[in-house]
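None of the figures in this text is laboratory data; all of them are computed from the coordinates on show. Since this is a predicted model, take the numbers as computed values, not measurements. Using ideal geometry, Cβ is built from the backbone for each residue, glycine included, and neighbour counts are taken over all protein chains shown.
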Amino acid sequence: MAAVHGDAHGHDDHHPSGIMRWVTTTNHKDIGTMYLWFSFTMFLIGGFLAMGIRAELYQPGIQILQPELFNQFTTLHGLIMVFGAIMPAFVGFANWQVPLMIGAPDMAFARMNNWSFWLLPVAGTLLVSSFFVPGGAAAGGWTFYPPLSTQGGLGVDLMIFAVHILGASSIMGSINIITTILNMRAPGMTLMKMPMFVWTWLITAYLLVLVMPVLAGVVTMLLTDRHFGTSFFNAAGGGDPVMFQHIFWFFGHPEVYIMILPAFGIVSEIIPTFARKPLFGYSSMVYATASIAILSCVVWAHHMFTAGMPTVGQLFFMYATMLIAVPTGVKVFNWTATMWRGSMTFETPMLFAIGFIFLFVIGGFSGVICAIVPIDIQVQDTYYVIAHFHYVLVSGALFSLFAGVYYWLPKWTGNMYNETLGKWHFWLSMFFFNLTFFVQHFLGLAGMPRRIPDYNLQFADFNMVSSIGAFGFGLTQLLFLYIVISCIRSGEKSPEKPWDGATTLEWTHLPCPAPYHSFEKPPIVK
Amino acid sequence: MNKITEKQSGARIWQIAKAVMFAFMGVRKKSDLEHDAATLTPAQVIIGGIVGAIIFVLSIMLVVRLVVS
């Protein structure tokens with residue numbers, strides 16, 4: 001270890017400059033930055049597709065997108081947002097923050113870290129370029145169920161290849177995070193002294209290692225069904241298309257928690273800082289995170305209640321799904337208890353964290369509603385489900401990412417963001433998000449199916465409202481881009497410790513901005 | 001000698017079971033947690049967690065059987 005520290009000296013002077021700095025870098029901060037910019041780029045592309053979807057749905061009838069292209073838009077919107085935007089963004093946060101928060105000099109496998117990142121633009125390019133191949137992009141939905149996905153064109157093959165690459169990147173990233181956390185913590189930092197963000201990422205990384213190979217397996221089976229004469233999912237050849245759904249969702253449900261557990265971690269850092277109180281029930285939070293991870297592996301078939309399942313199966317998955325709400329409820333209780341009688345201030349990170357709790361609870365409750373079989377059979381594949389998971393993934397995962405960016409921007413850049421504009425970003429996001437998605441509950445309950453470019457006249461008003469909200473939400477995110485760029489280029493110099501309630505190592509032991517090589521000598525944690 | 005060891009291992013298993021049960025609920029008293037952290041190893045807790053998950057699944061299946069019978 002001493003040798004490693006010794007070697008690190010002087011690297012500031014010798015790392016390549018220009019583009020090669022970014023291509024060859026093994027520095028966790030550089031790689032974290034690249035992850036974050038990549039995910040934001042994909043967020044804009046996925047957002048562009050969402051704008052296309054909402055523009056088409058602004059009025060009944062076919063105006064802008066033909067049905068085939070509309071299906072491609074919905075499919076790629078989901079794939080890009082899940083695999084290209086949300087997941088890499090959290091890995092970016094892990095790259096930046098895990099070493100800083102545990103007092104490590106870098107990630108454990110620095111070169112593999114570089115490789116994990118540089119696989120992503122390849123996969124992203126494959127996904128985006130699939131629009132331009134004969135037959136267009138995959139159009140069977142982000143869940144790529146057969147037979148649509150076995151019958152699709154070249155775009156499906158590009159998607160399968162992209163998912164393979166993204167999976168490999170995620171597995172390598174996870175191994176790196178697990179190894180870093182378990183082996184490189186500062187002396188004195190026992191597991192139960194780790195910041196919650198680090199805990200949530202440790203558990204998320206194990207989940208990723210568990211389920212990503214399942215996804216790789218199922219897309220490989222799809223590939224061999226398409227090109228090598230197998231019939232895993234083809235009933236005519238003795239296979240079973242429902243088996244695809246079981247395997248996919250055995251990956252897919254833990255994937256939901258992969259996207260939300262790090263969000264819990266970020267919020268669990270921000271709430272205590274701005275309430276100026278330690279996190280209420282730290283150990284409960286760790287326990288709840290672990291139990292959510294375990295339970296997430298036994299609830300997958302609640303996505304398939306209408307696919308054909310014995311009553312016994314429906315009841316099992318209904319009960320198990322409802323029980324997973326218990327540890328999630330414990331977390332919400334703990335965040336609320338942390339704020340209780342705290343000396344709270346409402347800077348932008350805190351606003352987004354509170355917005356997260358408020359809206360995530362709505363998404364969580366609509367999830368419990370969907371878990372009830374008789375209700376789910378009614379709302380399956382309607383806009384109610386769309387509303388539910390956007391409350392979890394946009395006002396859940398995405399809001400926590402915004403909160404995290406505002407919280408750590410001073411540490412990353414050495415500059416403060418514009419607080420007034422940050423608050424505008426929050427309130428506009430809050431308003432337009434609810435305008436977009438709250439009305440979709442009504443559309444779903446009224447029976448509007450998802451993944452359709454046209455609809456009956458009775459759905460017209462709420463769709464128009466939803467589309468106006470979506471355009472507003474999309475434009476608001478350009479304000480976020482402006483805030484971040486102006487912070488980096490011309491932001492006011494940040495004080496050494498801009499958040500007086502922050503207690504984690506990156507705030508107590510490092511200046512703003514964090515130096516290129518930090519913790520060459522590990523701090524002692526008492 | 002053997003009797004004492006059996007007693008101790010029984011108490012240890014009960015302690016692991018309690019830690020896992022509280023984990024599934026998501027709450028734990030701080031003093032109990034500190035006691036767990038001092039006496040239990042991560043391997044014991046992980047194995048306990050997997051066994052707990054199996055018992056959890058089996059007990060839901062039992063409830064389902066009772067409901068549909």
Please report A:Tyr516, A:Tyr282, A:Tyr407 as a ranked list, fewest other C-beta atoms within 10 angstrom at the top and most at the bottom.
A:Tyr516, A:Tyr282, A:Tyr407
If A:Lys331, A:Lys193 are placed from fewest to most neighbouring beta carbons inside 10 Å, the sequence is A:Lys193, A:Lys331
Give me, ordered by chain and number, the residues 5 or more places off A:Asn415 or on other chains with an amide H under 5 Å from its own placed amide H.
A:Ser494
Shape call, segment A:343-515: gyration tensor on alpha carbons, a/c limit 1.5
prolate
At the level of C-alpha centres, the distance separating segment A:244-265 and segment B:15-69, in angstrom, is 22
Give me the distance between the Cα centres of segment A:381-436 and segment A:136-162, rounded to whole Å.
30
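Based only on Cα atoms, what Rg/Rh ratio does segment B:2-68 have, Rh being taken as Kirkwood's radius?
1.08
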Could you tell me whether segment A:325-369 comes out rounded, prolate or oblate from its Cα gyration tensor? Rule is a ≥ b ≥ c as square roots of the eigenvalues, rounded for a/c under 1.5, then prolate if a/b exceeds b/c, otherwise oblate.
oblate
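Which ordering of A:Thr25, A:Thr420 is given by a fewest-first count of other beta-carbon atoms within 10 Å?
Least to most surrounded, the residues fall as A:Thr420, A:Thr25.
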The answer for the per residue Cα convex hull volume of the protein assembly as shown, in Å³, is 181
Taking amide H atoms as placed 1.01 Å from N in the peptide plane, list the residues 5 or more away in sequence, or in a different chain, whose amide H sits under 5 Å from that of A:Thr382.
A:Arg450
Assuming R0 = 45 Å, what is the FRET efficiency of A:Trp115 and A:Met322, from their Cβ-Cβ distance, to the nearest 0.05?
0.60
Shielding score for A:286-297, defined as the mean number of other chain Cβ atoms within 10 Å
5
Tell me whether segment A:270-355 comes out rounded, prolate or oblate; compute the Cα gyration tensor, take square roots of the eigenvalues as a ≥ b ≥ c, and use a/c under 1.5 as the rounded threshold.
prolate
Hey, which of these cross-link pairs are over 32 Å Cα-Cα: A:Lys331/A:Lys493; A:Lys277/B:Lys18; A:Lys411/A:Lys526; A:Lys526/B:Lys29; A:Lys497/A:Lys521; A:Lys29/B:Lys30?
A:Lys331/A:Lys493; A:Lys29/B:Lys30
Using a basic spin-label model with each label point 7 Å from the Cα along Cα→Cβ, how many nm lie between A:Asn456 and A:Glu496?
6.8
Once you charge only the Cβ atoms, +1 for Lys and Arg and -1 for Asp and Glu, what is the size of the charge dipole of chain A about its Cα centre, to the nearest 20 debye?
880
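List the chymotrypsin sites (Phe, Trp or Tyr not before Pro) within segment A:320-390 that fall in a DSSP loop (any state other than H, G, I, E or B) and whose Cβ has at most 15 other Cβ atoms within 10 Å.
In loop regions of segment A:320-390 (DSSP not H, G, I, E or B), the sparsely surrounded chymotrypsin sites (Phe, Trp or Tyr not before Pro) are A:Trp340, A:Phe346.
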Mind checking which helices in chain A clear 27 Å along their axis (Cα) and have mean Kyte-Doolittle hydropathy of 1.6 or more, DSSP H runs only?
A:348-371
Mind listing the phi-derived Karplus ³J(HN,Hα) values for segment A:508-520, rounded to whole Hz, using 6.51, -1.76 and 1.60 with θ = phi - 60°, and x for any glycine or proline?
8, 10, 10, x, 10, x, 4, x, 4, 10, 10, 6, 5
Placing +1 at every Lys and Arg Cβ and -1 at every Asp and Glu Cβ, with all other atoms neutral, what dipole size does segment A:343-515 have around its Cα centre, in debye to the nearest 20?
200
